[in-house]
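Working notes, beginning with the structure itself.
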Amino acid sequence: MPDFAYTARDASGAALTGTISAAGERDALTTLAGRGLFPLSVELNDAARTKAKAGTKRVGGKHLASFYSQLSDLLKSGVPLLRSLELLERKSTAPALQSVLEDVRTEVADGNRLADAMRRHPKAFSELAVSMITAGEEGGFLEDVLKRIASFTEHQQELRGRVVGAMVYPLFLLVMGSGIVIAMITFFVPNFAPIFERMAESGELPAATSLLMAASDILRSQWAIVIAAAVAGGLYFLVRYVRETEEGRLKWDQVRLFGLKVGKKEVGFGPIARNLAIARFCRILGTLLNNGVPILQSLRIAKDATGNRVLSAAIEQASESITAGRSIAGPLAASGQFPEEVTEMIAVGEEANNLEQVLIDIADATERNTARQLDLFVRLLEPIMLTVMAGAILFLCIALMLPILKSSGIA
């Protein structure tokens, strides 16, 4: 329990200071009152405050995967848990992980279980990892669980890196193309202004050129207002429709899953995002079940791990059917959020009593298919963005050339 520094007065009015161990500030106040003291201030002391701050630190997936794997190897070699944590704490090159492990080691030394010590750091250790470690401690197979968590973490990092890497080049094209067009409108087009002004006075300036000159004037004279309006609009959308209300967050998640129907298939980034979320759900649920975590608890953890409220709501409804003693495949299929082949495989897994392995197989197959879809999407996105950029530059050239051709009698 953390230590609190307090200042209080006794029955005679004398001021007293000291420290007290308590689960929280309210418990500390109750304990002081039970001693006949009147608390004036109660706050975490420096050591406890340092521990509390450690709970807010994030640790990279690469460092966590290495930690889980090394801890498993040490425990399999017969090194005691406390000694293993001490060795990994000293060896760690990540300051955030080192700070977290220091607190975990202290908690374990005080007699707490490893899972309980890790639960104090939700930004470092996921609920998935904590639940699996809890099952491993209770079942006596902690070393195997840690190795599986390490493998799972590495796999997720690899998948995330593949998705991010695939989107880097299209985003680079978008940023560079937008920058080139804006620079041309702002700095190159104004050089033609004296020529076009005379044609505008006589009413001979083409509409495309008038539009281009108006855009150039706005960007040059009111660029600060344009940037401020774009930033303010973006922030307003994020706060009002995404962050502030549950309805807004739900709508945003619906947009993320949106795809265009082409025949019987959906195309776009929405189906890819959906498949990635479903693969993550199946892998986490299968991994938890494979390590002895109860199915309702596993569903709750896997539901939150999808990262999408639409899918989470469908899974939550399916978990209610589990409580009623029915299967999970039916409600998932009825939600319309899961592909038919996925729900069919889940139904087969439930009937054959090997649901955990079927879920992991679904995750593997879905990730392979999604990787191909993502690759095709990116390959199509590149020429589309290049075409859009070429179209914008072509419009600039036509808008600039039309007055010259018109004045020379060619157009």
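We did not get these values from a lab; they are worked out from the coordinates using the rules stated. Note that the coordinates shown come from a computational prediction; the quantities given were computed from them, not determined experimentally. Here Cβ is always computed from backbone atoms with ideal geometry, including for glycine, and neighbour counts include all displayed protein chains.
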Taking θ as phi - 60°, what are the ³J(HN,Hα) couplings along region 89-96 by the Karplus curve (6.51, -1.76, 1.60), each to the nearest whole Hz, with x for Gly and Pro? 5, 5, 7, 4, 9, 9, x, 5
Considering amide H positions built from the backbone, and no H for Pro or chain starts, which residues 5 or more places from ARG9, or on another chain, come under 5 Å of its amide H? LEU16, PHE38, LEU40
Give me the compactness ratio for region 313-411, meaning the Cα radius of gyration over 2.2 N^0.38 Å. 2.10
The simple spin-label model distance between GLU137 and ARG58, using points 7 Å out along Cα→Cβ, in nm, is 2.7
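Using per-residue counts of other Cβ atoms within 10 Å, averaged over each peptide, order 181-193, 89-101 from highest down.
Order by mean packing, descending: 89-101, 181-193.
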Relative frequency of Cα-Cα separations exceeding 40 Å in the chain, percent: 43
Across all directions of projection, what mean area in square nanometres is found for the Cα convex hull of region 58-150? 5.0
Going from the fewest other Cβ atoms within 10 Å to the most, one would list THR306, THR7 as THR7, THR306
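Between SER41 and MET401, what is 0.36 nm times their sequence separation minus the Cα-Cα distance? Round to one decimal in nm. Spell out each step's value before the answer.
Working: separation 360, 0.36 × 360 = 129.60 nm, distance 7.69 nm.
So the chain would gain 121.9 nm between SER41 and MET401.
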If you plug each phi of region 361-372 into the Karplus form 6.51 cos²θ - 1.76 cosθ + 1.60 with θ = phi - 60°, what whole-Hz ³J(HN,Hα) values come out, in order, with x for Gly and Pro? 5, 4, 4, 4, 5, 5, 5, 5, 5, 5, 4, 5
